[in-house]
Amino acid sequence: MYEIIVIGTSAGGIDCLKELLPRINKPLEIPIIVIQHLQATGVSYLPSILSDCSGIKCFEAEDKMDIVDGYIYTPAPNYHLMMEKDWTLSLNVDDRVSYARPSIDVTFESVADTVKNKTIGILLTGANHDGASGLKVIQDVGGYTIIQKPQTAYAKEMPEAALSMMTPDKVLDIEGIAVCINDLLDNKMGGEQ
Amino acid sequence: MSKHEIKLDLEDIEISLLLEGIYQRYGYDFRNYSRAHMKRRIMHRMGKEDFESVSLLQYKVLHDPEYFKSLLPEFSINVTEMFRDPEFFNFLRQEVMPYLASFPRLKIWHAGCSSGEEVYSMAILLKEVGLYDRTTIYATDFNDQILKKAGEGIYPIEAIKDYTRNYIVAGGTEAFSDYYVAKYDSVIMDKSLKENISFLNHNLVTDRVFAEVDLVMCRNVLIYFDRSLQDNVLKLFSESLGSGGVLCLGTKETIDYSSVRKDFLNLDEHLRVYKKKPKHR
C-alpha cells in the first residue's frame, strides 16, 4: 500500500542511516528520499556512502529527475528538494528554513501533498527542530509516521521537537524502525490493505 | 510517464485557476512554473495574511491591482550569491574566457538576474581576464523591484565573508575588498563594474529574443519551471546564441530533457556549461 519512504535527519544521521538502510529487505519496491542536512559547499559523498552500505542504488537529486521505485534519492547540497505531482523532483534555492537548505520540512510537506496517506515518514537523530512540522503534515494527510526514540539518538533535539508536536504511529530505536519498515512493506506486497 | 495516479486537491484546482486569472488579467505567466514551488509560495502568503482559501486570495488578486503588485515579488526568485559554485567560476576563468577572448566584441546575457550578485561576479571576472572593456552585459529580470536592487549593487555586509571565500576558491587574483566600499551594514559594488551593464526588464516566459549574444548565464532559474517551460526557455536561449556561443546553467540543471539538446556540445558535463554547434545553412 505504501508508495514512498521519506527519512529526515541531521547530526549523527549518517551513522544512523548506515545502520538502518542495510536492514531494509531487498528488493526494495518503492523509492526512499533521504534528507540529511549537508554542508552547503562542495561535493556530497552521501549518495556513495548510502549506496555502498545498503546495496540500494542512491542518486543525488537533479532537477526534474524521475522518482523511480527501488532507488534512494538524496538532496543536492545547498538546494531544497521538492516532489511534483508527476513524481519528478524539483530543486530550489529559496531561503533557508530553520537555518537549513535542504530543509526536511520542505521535502516532507511536498511529499505529503503528493503521496498523501501512502507516505511513510521517518525522523531520526538531529540537533535542531527541522522536520518536526513536516512530519506532522505527513500525519495530517494520513501517512505513517515513525520517530527515533530520543534516548537512542545521537542528538535528541529533532526527535523531541517532533514528539512535542505529535504522537507518531511508532517511537523506536533503529533496529525497531527497520523491522517496522519491513513489516509495512510486506503488507503492501501481501496486498492486505 | 508516471505509474502513479495524480491526486489533485481542491487547492491544486484553485491554484490553477489563480494562475490562469493572473495570466489573463496581468499578463504574467506562472502557469508552467514548478507547481510544488508555486503552491508553497502561495500557501506561505496565505498563512501570513489569514486567507481561508486560495479562491479568496484570487478574488483579491483579480480585483486589486495594487495587491497583485505586492504579491508579485513572492513569485520571483530572489536568492542568489556571488561566485556561487566557485568551481564553475573557476572553469569560466580557466577554460571559457580564453576561448571568448578570440571574439572581437562580447555580448553576455544574464537571464533572470534577480538582485544581481552573479552579474557583478561576472563583471569582476571579465575585469581580471582583461575582457571587460569590450563586453556588453545585459542583465534581465521580469521583476522591476529586484532589477532596481540589482542596478544599485548594494548588499548586506554579513554576506561578504562567504562571497570572499567563494571568490578566492573561484581563482580570484585580486583583493575582493577592492570591488566594494563598505558603509554601515552594507557594501556597495564599485561603479566601474557597472559601466558596461544594462539592467533591462525581460520576461523569459512571455518575451522573445531581444539580442544575439555570445554567452547566456541562467543559473538556478530553470529549476523553478516545469519541463515544458524549461524547453521553451532553452529554445529561446538557443535562438539567442550565435554559433559557438556558450550556455551556462546551474550545476543541477540540465538540457538533457530538452529538444535543443542536439544543438549543443558539452564544455563541462558536470558544471553544465554548453557550447552551441554551428548552424546548418
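For the range B:46-106, give me every one of the helices (runs of 4 or more DSSP H) that falls completely inside it and has 1 or more residues that are over 28 Å from B:E212 (Cβ atoms) and more than 14 Å from chain A (Cβ to nearest Cβ).
B:54-63, B:65-75
Being under 19 Å from B:L62 (Cα atoms), within 14 Å of chain A (Cβ to nearest Cβ) and assigned to a loop (DSSP other than H, G, I, E, B) is the filter here; which residues of the range B:8-29 pass it?
None; the set is empty.
Looking at the structure I just gave you, is B:H37 within 14 Å of chain A (Cβ to nearest Cβ), touching a Phe, Trp or Tyr at 6+ places or on another chain (Cβ under 8 Å), buried (at least 19 other Cβ atoms within 10 Å of the Cβ) and under 26 Å from A:K85 (Cβ atoms)?
Working: within 14 Å of chain A (Cβ to nearest Cβ): yes; touching a Phe, Trp or Tyr at 6+ places or on another chain (Cβ under 8 Å): yes; buried (at least 19 other Cβ atoms within 10 Å of the Cβ): yes; under 26 Å from A:K85 (Cβ atoms): yes.
Yes.
Residue-by-condition table, conditions (1) in contact with a helix residue (DSSP H, G or I) (Cβ under 6 Å, 6 or more places away or on another chain); (2) touching a residue at least 60 places away in the same chain (Cβ under 8 Å):
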residue	(1), (2)
B:T80	yes, yes
B:N90	no, yes
B:P104	no, no
B:A111	no, yes
B:F142	no, yes
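Can you pull out the residues in the range A:66-78 that are closer than 24 Å to B:F75 by Cβ and facing chain B (nearest Cβ under 9 Å)?
Selection gives A:A76, A:N78.
Just one of (1) touching a residue at least 40 places away in the same chain (Cβ under 8 Å); (2) over 30 Å from B:R219 (Cα atoms) trips up A:T107, so point out which.
(2)
When you check B:E5 against the structure, is it within 11 Å of another protein chain (Cβ to nearest Cβ) and in contact (Cβ under 8 Å) with a residue 24 or more places away in the chain, yes or no?
Numbers: within 11 Å of another protein chain (Cβ to nearest Cβ): yes; in contact (Cβ under 8 Å) with a residue 24 or more places away in the chain: no.
Answer is no for this residue.
For the subset of the range A:84-120 comprising residues that are more than 7 Å from chain B (Cβ to nearest Cβ) and assigned to a loop (DSSP other than H, G, I, E, B), which member is surrounded by the most Cβ atoms within 10 Å (Cβ to Cβ)?
Ranking the qualifying residues of the range A:84-120, first place goes to A:P102.
Looking at the range A:130-152, I want the residues that are closer than 16 Å to A:V171 by Cβ and have a partner that is assigned to a helix (DSSP H, G or I) and among the acidic types (D, E) with Cβ atoms under 8 Å, at least 6 apart or on another chain. Which pairs are those?
Pairs found: A:G131/A:D105; A:A132/A:D105; A:P150/A:E160.
Considering only the range B:180-198, state which residues are surrounded by 11 or more Cβ atoms within 10 Å (Cβ to Cβ) and touching a Pro at 6+ places or on another chain (Cβ under 7 Å).
Matches in the range B:180-198: B:S186 only.
Looking only at the range A:153-169, decide whether some residue is surrounded by fewer than 21 Cβ atoms within 10 Å (Cβ to Cβ), assigned to a loop (DSSP other than H, G, I, E, B) and in contact with a Pro (Cβ under 9 Å, 6 or more places away or on another chain). Can you show your working first?
Keep residues of the range A:153-169 that are surrounded by fewer than 21 Cβ atoms within 10 Å (Cβ to Cβ), which gives A:154-157, A:160, A:163-167, A:169.
Restricting the remaining residues to those that are assigned to a loop (DSSP other than H, G, I, E, B) gives A:154-156, A:164-167, A:169.
Cutting the leftovers down to in contact with a Pro (Cβ under 9 Å, 6 or more places away or on another chain) gives us A:156.
So far as the range A:153-169 goes, yes, one or more of its residues are surrounded by fewer than 21 Cβ atoms within 10 Å (Cβ to Cβ), assigned to a loop (DSSP other than H, G, I, E, B) and in contact with a Pro (Cβ under 9 Å, 6 or more places away or on another chain).
Within the range A:62-87, which residues are polar (S, T, N, Q) and over 16 Å from the mean Cα position of the chain (by Cα)? Can you show your working first?
Pass one, the range A:62-87, residues polar (S, T, N, Q): A:74, A:78.
A:N78, the sole residue that qualifies.
Would it be correct to say that B:T206 is surrounded by fewer than 20 Cβ atoms within 10 Å (Cβ to Cβ) and either in contact with a His (Cβ under 6 Å, 6 or more places away or on another chain) or over 20 Å from B:G112 (Cβ atoms) (or both)?
Numbers: surrounded by fewer than 20 Cβ atoms within 10 Å (Cβ to Cβ): yes; either in contact with a His (Cβ under 6 Å, 6 or more places away or on another chain) or over 20 Å from B:G112 (Cβ atoms) (or both): no.
In short, no.
So how many residues does the range A:49-64 have that are more than 14 Å from chain B (Cβ to nearest Cβ) and either surrounded by fewer than 18 Cβ atoms within 10 Å (Cβ to Cβ) or in a loop (DSSP other than H, G, I, E, B) (or both)?
Of all residues in the range A:49-64, those more than 14 Å from chain B (Cβ to nearest Cβ) come to A:49-58.
Within this subset, residues satisfying the condition of being either surrounded by fewer than 18 Cβ atoms within 10 Å (Cβ to Cβ) or in a loop (DSSP other than H, G, I, E, B) (or both) are A:49, A:51-53, A:55-57.
Within the range A:49-64, residues that are more than 14 Å from chain B (Cβ to nearest Cβ) and either surrounded by fewer than 18 Cβ atoms within 10 Å (Cβ to Cβ) or in a loop (DSSP other than H, G, I, E, B) (or both) number 7.
From the list A:I35, A:I67, which one is out of contact with any helix residue (DSSP H, G or I) (no Cβ under 8 Å at 6 or more places or on another chain), among the hydrophobic types (A, V, I, L, M, F, W, C) and surrounded by 24 or more Cβ atoms within 10 Å (Cβ to Cβ)? Reasoning before the result, please.
Working: A:I35 fails: out of contact with any helix residue (DSSP H, G or I) (no Cβ under 8 Å at 6 or more places or on another chain).
Within the list A:I35, A:I67, the selection yields A:I67.
Would you check which residues across the range B:149-186 are in contact with a strand residue (DSSP E or B) (Cβ under 9 Å, 6 or more places away or on another chain) and on the phi > 0 side of the Ramachandran plot and list them?
Matches in the range B:149-186: B:G153 only.
Considering only the range A:1-15, state which residues are in contact with a strand residue (DSSP E or B) (Cβ under 7 Å, 6 or more places away or on another chain), assigned to a helix (DSSP H, G or I) and surrounded by fewer than 23 Cβ atoms within 10 Å (Cβ to Cβ).
A:I14
Taking the range B:142-179 as the search range and keeping residues that are farther than 29 Å from B:E74 by Cα and within 21 Å of the chain's Cα centre (by Cα), which one is surrounded by the fewest Cβ atoms within 10 Å (Cβ to Cβ)? Full working, then the answer.
Here is the first cut: in the range B:142-179, the residues farther than 29 Å from B:E74 by Cα are B:165, B:167-179.
Pick out the ones that are also within 21 Å of the chain's Cα centre (by Cα) and you get B:167, B:170.
Numbers: B:Y167: 24, B:A170: 22.
Among those that are farther than 29 Å from B:E74 by Cα and within 21 Å of the chain's Cα centre (by Cα), it is B:A170.
Quick check on this structure: which one of A:L46, A:L81, A:L123, A:L135 is touching a Pro at 6+ places or on another chain (Cβ under 9 Å), buried (at least 20 other Cβ atoms within 10 Å of the Cβ) and within 14 Å of chain B (Cβ to nearest Cβ)? Break it down stepwise before answering.
Numbers: A:L46 fails: within 14 Å of chain B (Cβ to nearest Cβ); A:L123 fails: within 14 Å of chain B (Cβ to nearest Cβ); A:L135 fails: within 14 Å of chain B (Cβ to nearest Cβ).
Selected residue: A:L81, the only one of A:L46, A:L81, A:L123, A:L135 that is touching a Pro at 6+ places or on another chain (Cβ under 9 Å), buried (at least 20 other Cβ atoms within 10 Å of the Cβ) and within 14 Å of chain B (Cβ to nearest Cβ).
Values quoted throughout were computed directly from the atomic coordinates according to the rules given, and no laboratory measurement underlies them. What you see is a predicted model; the values in this text were computed from it and never measured. Cβ: placed from backbone, ideal geometry, glycine included. Neighbour counts: every protein chain shown.
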